[in-house]
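The block underneath contains the structure these notes are about, expressed in structure tokens.
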Amino acid sequence: MKGRRAPGRFLLRRGDRIVATGVLLILGVSLAASLAVRPLLPRPGGGGTVGEILRDGRVIERIPLEPGVRVERTVRSPGGTNRILVEGGTIRFVSADCPDGDCVRTGPLSRPGQIALCLPHRVEIRVVGGPEPGRGEKGGAPDAVAF
Amino acid sequence: MKISRRLLPWLLLLASAIGCVLLLGRGLPSGVPGPGKPRESSFYALGTFCRIRASGPRAEAALEAARERIGEIDRRMSARRADSDLARIGARAGRGSVSVPADLEGLLALALAVAQASGGAFDPTVAPLSDLWGIGTERARVPSEGEIRRALRLVDWRALRLTRGDAAPRAGLARPGMGLDLGGIAKGYAADEALRLLRAGGVNSALIDLGGNLSVLGTRPDGRPWRLGVQDPERPRGEALAALDARDGESLVTSGAYERHLDTEGRRYGHILDPATGHPAEPGLLSVSVLGPRSALADALSTALYVRGLPGGLALLRAFPGYEAAFLLPDGRLVATGGLRARLIPLRPGLAIEAAPGPEGKP
């Protein structure tokens, strides 16, 4: 096959056509693959829920609340000691030497927005992240809760 | 093989196609691009955990100013601190007045207005009674009837005198042993001040959360309204039974006995005391939530409405146009005034939101 380029015309030679087909094939496969993989990729802002430990208002540790993750932490503060456990996708205070023990009684947290607080020690645990529930629907999670 | 120039457009197409595919796979950037990313300040003040989120060109500086002001309010208007303005007033009780800064005088004037309107259901002079019970502290106990009677003689909002003249404002308590407790209004006042400073600092989007006392500025950075929830007393903190999309400047405050209480001898004693009886209020409500433009007033009203209960609280609310309330009953019904009922979104499955009866007794 003879291909001669005419001035101004864009005639493809056979070699070019092969390459062009190849390009379109790669494009198509990549597109399909990326769309298929997309739900599995971490979204900006994180895909899974994360437990955060705060002391005096500052995040001192972030632990993913994923199945199979089991982490124990002892947090010491001027007021005393708190022990925190992450397991089974939850985070909770397991023990504390504070006067009221409210923090331990709060129990396990697993959903974004939930918090448990040891006020006397200024230690807090909370759950953040996770896919944002649809807003504008009945299930939309609040940005803050009055109590 | 030599790549011909005719190939160039195809290569460019491939390159841009791969670029698009990568972008798709990674996901589009979220949020509206704007000046400054959202900033957050978390700290302890006013006896609780405070968190403020703000966005805007100088959000960091505005947050710092708000935090300092809240710290100052905590120092000066705290009943707990011996060096506070409140302590100075109490120290002179029965012997004279003390000069007070204009901001405290204004807050005391607001407290008195709510005390008068509520017939004393909210009373800033409740300190001798709240100190006696000590609920929320390690000293918490059930006092004797005699102790309660004696403390009640020292609880009387009419005995708080404010003077505003040419000289500096002054405040005084008429009887020795009286004291001021602004616990029912201080967080709201601090939220108002924080909002004022954030706005003045050029912040265009903020959410203020002072121990559950909420105020909003503008909308979320992505343009949607800030969604504020009402705590579900049966669920862990942070879970709401209902929510609403707040407008610029609105504040939501909830009062309930489930947060702070004394449990002893099989009974629960809530921390919200009824100044008329000297005992924890038992209004037959789990909580009251107030929505309005001024957080200090919403805070005081939520306390007053909790003590008054239904239906008395509704009459009190009518004295404050622009303020709405939702009363959570033990049977799970949420009774809300008109404006609030229209905006509340139920989140707890099966939650019934009812209209509060109007002045004639009908919704």
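The values are calculated or read from the model by the stated rules, or taken from the named source; none is laboratory data. As the structure is a prediction and not an experimental result, all values here were calculated from the model. No Cβ is skipped: glycine too gets one built from the backbone with ideal geometry, and neighbour counts run over all protein chains shown. The accessibility values were calculated without ligands, DNA or RNA, using every heavy atom of the protein model including side chains. Shrake-Rupley method; radii C 1.70, N 1.55, O 1.52, S 1.80 Å.
Here are a few things to note about the model shown:
- With respect to being within 26 Å of B:GLU40 (Cβ to Cβ), out of contact with any Asp or Glu (no Cβ under 6 Å at 6 or more places or on another chain) and surrounded by fewer than 24 Cβ atoms within 10 Å (Cβ to Cβ), B:GLY223 fits the description.
- All told, A:ARG14 falls short of being facing chain B (nearest Cβ under 10 Å), at pLDDT below 80 and farther than 30 Å from A:CYS103 by Cβ.
- Taken over the range B:278-295, the criterion of being free of Cβ contacts under 8 Å to residues at least 60 places away in the same chain and open to solvent by 50 Å² or more (accessible area, probe 1.4 Å) is satisfied by B:GLU282, B:LEU286, B:PRO293.
- Qualifying residue in the range A:34-46 (condition: more than 11 Å from chain B (Cβ to nearest Cβ), at pLDDT 85 or above and surrounded by 11 or more Cβ atoms within 10 Å (Cβ to Cβ)): no
- Residues being among the hydrophobic types (A, V, I, L, M, F, W, C) and surrounded by fewer than 17 Cβ atoms within 10 Å (Cβ to Cβ) are represented in the range B:186-207 by at least one member.
- Looking only at the range B:72-90, residues that are more than 17 Å from B:ASP192 (Cα to Cα) and open to solvent by less than 70 Å² (accessible area, probe 1.4 Å) come to 7 in all.
- Hey, B:LEU305 under 19 Å from the mean Cα position of the chain (by Cα) and more than 9 Å from chain A (Cβ to nearest Cβ) or not: yes
- Residue in the range A:89-104 that is within 16 Å of the chain's Cα centre (by Cα) and either among the aliphatic types (A, V, I, L, M) or loosely packed, with under 15 Cβ neighbours inside 10 Å (or both) present: yes
- Test: residue in the range B:99-120 that is touching a Gly at 6+ places or on another chain (Cβ under 7 Å) and open to solvent by 10 Å² or more (accessible area, probe 1.4 Å): no
- Qualifying residue in the range B:188-208 (condition: at the interface with chain A (Cβ under 9 Å from one of its Cβ atoms) and touching a helix residue (DSSP H, G or I) at 6+ places or on another chain (Cβ under 8 Å)): yes
- Within the range A:109-147, being more than 7 Å from chain B (Cβ to nearest Cβ), more than 18 Å from A:PRO64 (Cβ to Cβ) and modelled with pLDDT under 85 holds for A:PRO133, A:GLY134, A:GLY136, A:GLU137, A:GLY139, A:ALA141.
- The set of residues in the range B:258-277 that are open to solvent by 20 Å² or more (accessible area, probe 1.4 Å) and of a type in the set (Gly, Ala, Ser) comprises B:GLY266, B:ALA276.
- Screening the range A:71-108 for residues that are facing chain B (nearest Cβ under 10 Å) and assigned to a loop (DSSP other than H, G, I, E, B) and picking the one that is modelled with the highest pLDDT gives A:PRO108.
- Filtering the range B:55-71 to residues that are of a type in the set (A, V, I, L, M) and either surrounded by fewer than 23 Cβ atoms within 10 Å (Cβ to Cβ) or in contact with a Pro (Cβ under 6 Å, 6 or more places away or on another chain) (or both) leaves B:ALA61, B:ALA65.
- Checking B:TYR269 against (1) hydroxyl-bearing (Ser, Thr, Tyr); (2) free of Cβ contacts under 8 Å to residues at least 12 places away in the same chain; (3) in a strand (DSSP E or B), the condition it does not meet: (2)
- Note on the range A:82-104: residues that are touching a residue at least 40 places away in the same chain (Cβ under 8 Å) and either out of contact with any strand residue (DSSP E or B) (no Cβ under 6 Å at 6 or more places or on another chain) or of a type in the set (A, V, I, L, M) (or both) amount to 3.
- Some residue of the range B:229-239 being surrounded by fewer than 24 Cβ atoms within 10 Å (Cβ to Cβ) and assigned to a strand (DSSP E or B): no
- A single entry from B:GLU40, B:GLU72 fulfils the requirement of being without any contact (Cβ under 8 Å) to a residue 60 or more places away in the chain and in a helix (DSSP H, G or I): B:GLU72.
- Each residue in the range B:215-226 was checked for being on the phi < 0 side of the Ramachandran plot and either in a loop (DSSP other than H, G, I, E, B) or without any contact (Cβ under 8 Å) to a residue 60 or more places away in the chain (or both), and 8 pass.
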